[in-house]
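Taking it in order: structure first as structure tokens, then the write-up.
The values are calculated or read from the model by the stated rules, or taken from the named source; none is laboratory data. As the structure is a computational prediction, the values presented were derived from the model and not from experiment. All Cβ positions, glycine included, derive from the backbone under ideal geometry; neighbour counts span all protein chains shown.
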Amino acid sequence: MPPPPGMDAGPEPPPPPRALPDGFTLRVRLTRNLPMILGLGFTLFGGIMTMAMVAAKTWAALLPGFFLLGGLGMLKLGMQQSASTLDAFKNGRAVKGKSASVRQDMQTTVNGRHPWEITYTFDAGGYPMEGKATTWETATANRFQCGTPLWVLVVENNPERNTPYPPIR
């Protein structure tokens, strides 16, 4: 549910632990997690090719082995990012923040489209912090123009684990 238009962040999020919306875990862990998607592809390709080259007993197994290692690294990154977001959503305390910038990420292209990166700022224990969220929807990105207030869920003693509330799709 998006925040209402204007300069109001909307109602405060419910207290932790929060129930996750239907399908939210799958979206965060897989379908909207680019490192995870790429990691699965590289791991699958690299694993199959490495096994084929090892079965053929050739030194050429090193090349697909690098694909396998790169894929495993991307899988690890994707799992860390999703764990951070899910932890913040379930257990984070709500603080007020505001959007700092909205820009289109021209370096990432999927099906001819570029995602929008929303940068937001918030105060965590007296220190200014910054977080980022990505969306593919232009209407959602337009709602978070510079200075728009929003709620941010922050994990206590680990402010790097944060996510906007309600979740940005």
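Please state which one of 107, 81 is at pLDDT 90 or above and assigned to a helix (DSSP H, G or I).
That would be 81, the only listed residue that is at pLDDT 90 or above and assigned to a helix (DSSP H, G or I).
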Filtering region 109-139 down to residues that are over 15 Å from residue 152 (Cβ atoms) and among the basic types (Lys, Arg) yields 113
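Give the residue that is surrounded by the most Cβ atoms within 10 Å (Cβ to Cβ), with candidates limited to residues of region 125-169 that are of a type in the set (S, T, N, Q) and more than 24 Å from residue 15 (Cα to Cα). Walk me through it before giving the result.
Going residue by residue through region 125-169, those that are of a type in the set (S, T, N, Q) are 134-135, 138, 140, 142, 145, 148, 157-158, 162-163.
Keeping just the survivors that are more than 24 Å from residue 15 (Cα to Cα) gives 134-135, 138, 140, 142, 145.
Details: 134: 16, 135: 19, 138: 11, 140: 16, 142: 11, 145: 11.
This residue is 135.
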Counting only residues that are loosely packed, with under 14 Cβ neighbours inside 10 Å and of a type in the set (Ser, Thr, Tyr), region 80-120 contains a total of 2
